[in-house]
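Here is the structure we will look at, set down as structure tokens.
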Amino acid sequence: MNIKKYKVTGENQFILNEFDTKDTGGFNSSDDVKEMMKDNIVEIAKLQDKLYAEGKTALLIIFQAMDAAGKDSAIKHAMSGINPQGVEVVSFKQPSAEELSHDYLWRTAKALPARGKIAIFNRSYYEDVLVVKVHKLYENMNLPARCKGKNIIEKRYGQIRGFEDYLWENGIVTVKFFLHLSKETQLKRFLERIDNKDKNWKFSDADVRERKHWDNYQEAYQAAIEATASKNNPWYVVPADKKWYTRAVISSVLLSVMKKLDPQYPTVTEEQAEALVKSKKTLEEMG
């Protein structure tokens, strides 16, 4: 699978519309990627075990998307082989009163992964340059007037880049996924949620209201990805019209990232090796 074509590092011009939401990379169905997915999940699990044991590097995985793009199912499938004790999934919804009383990075900073662990953010601080931008929510924020100028979003792009550079320089590798969905496919999935009683709970009136701002959100994602993609903290714009392919791309990217991290089990020192021999002898004598 050619995952490079979905990677955005900021080194070349980025145009969101040039990424095909219907792309399946030459595969025809979920059966074509089934074995690859299984192999990826097994390898990711092995590498995660080493990452946890080594305890040097942390991995932050961010998922952003329009509603109905399949973030939840993508997380579930791509991370199905991961040891739960080494990973945490955090969903960021509308900020609480306490969260709004702090800076916009505060609630996500609290959930950053410890070294050796993986954190998966279902939405993130990027909401503060997406929904906040589209609805101009910054105009009513309880902030000093000097903090609410017309360039507030542009300043936040710089703050986010700086924040992610800070994470990189402190051992946290950030991988960002934008699940790129077409407007037509979103409509189809919304209607399925209404028609299928088992999926009614997934739909809300807010979905209809937000869909009206589709073009504005596309522009916001274009600007945010273009402004914050970097070599060390890239974005992956993943086709999301076919969920099976979305999951396959995500698992392939994660495997590639973790292979590059190349975590290793800690080396046992000579002193530790001697202690192990003594412990083994003691256990055998105890029976």
Quiz prompt | Cross-chain or 6+ apart pairs with Cβ under 6 Å, segment 206-217 first and assigned to a helix (DSSP H, G or I), then at pLDDT 95 or above | solution = W214/K183; N216/V134; Y217/V134
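Just checking, which of K155, K133 is crowded, with 20+ Cβ neighbours inside 10 Å, among the basic types (K, R) and in a helix (DSSP H, G or I)? Quick ask: steps written out before the conclusion?
Values: K155 fails: crowded, with 20+ Cβ neighbours inside 10 Å.
From the options K155, K133, the qualifying one is K133.
Regarding K150, is this residue over 20 Å from E210 (Cα atoms), at pLDDT below 95, of a type in the set (D, E, K, R) and out of contact with any Cys (no Cβ under 8 Å at 6 or more places or on another chain)? Step through it out loud before you land on a result.
Working: over 20 Å from E210 (Cα atoms): yes; at pLDDT below 95: yes; of a type in the set (D, E, K, R): yes; out of contact with any Cys (no Cβ under 8 Å at 6 or more places or on another chain): yes.
Answer is yes for this residue.
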Quiz item: Limited to segment 137-148, what total is found for residues that are surrounded by 11 or more Cβ atoms within 10 Å (Cβ to Cβ) and part of a loop (DSSP other than H, G, I, E, B)?
Solution: 3
Quiz item: Within the group V277, V238, V253, which residue is β-branched (V, I, T), without any contact (Cβ under 8 Å) to a residue 40 or more places away in the chain and either in contact with a Phe, Trp or Tyr (Cβ under 9 Å, 6 or more places away or on another chain) or surrounded by fewer than 12 Cβ atoms within 10 Å (Cβ to Cβ) (or both)?
Solution: V277
Quiz item: Somewhere in segment 191-204, is a residue touching a residue at least 60 places away in the same chain (Cβ under 8 Å), of a type in the set (V, I, T) and within 24 Å of K76 (Cβ to Cβ)?
Solution: no
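Out of V134, V129, V175, which single residue is under 30 Å from D262 (Cα atoms) and at pLDDT 95 or above?
Result: V175 is the single residue among V134, V129, V175 that is under 30 Å from D262 (Cα atoms) and at pLDDT 95 or above.
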Exercise. Return only the number of the condition from (1) surrounded by 13 or more Cβ atoms within 10 Å (Cβ to Cβ); (2) under 21 Å from the mean Cα position of the chain (by Cα) that R189 does not satisfy.
Key: (2)
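Only residues that are farther than 14 Å from K117 by Cβ, in contact (Cβ under 8 Å) with a residue 24 or more places away in the chain and either of a type in the set (F, W, Y) or part of a helix (DSSP H, G or I) (or both): list them for segment 45-79, please.
Filtering segment 45-79 down to residues farther than 14 Å from K117 by Cβ leaves 45-46, 62-78.
Still in the list and also in contact (Cβ under 8 Å) with a residue 24 or more places away in the chain: 45, 62-75, 77-78.
Listed by number, the residues that qualify are A45, F63, K71, D72, S73, A74, I75, H77, A78.
The values are calculated or read from the model by the stated rules, or taken from the named source; none is laboratory data. Treat the numbers as computed from the prediction; the structure is a model and nothing was measured. All Cβ positions, glycine included, derive from the backbone under ideal geometry; neighbour counts span all protein chains shown.
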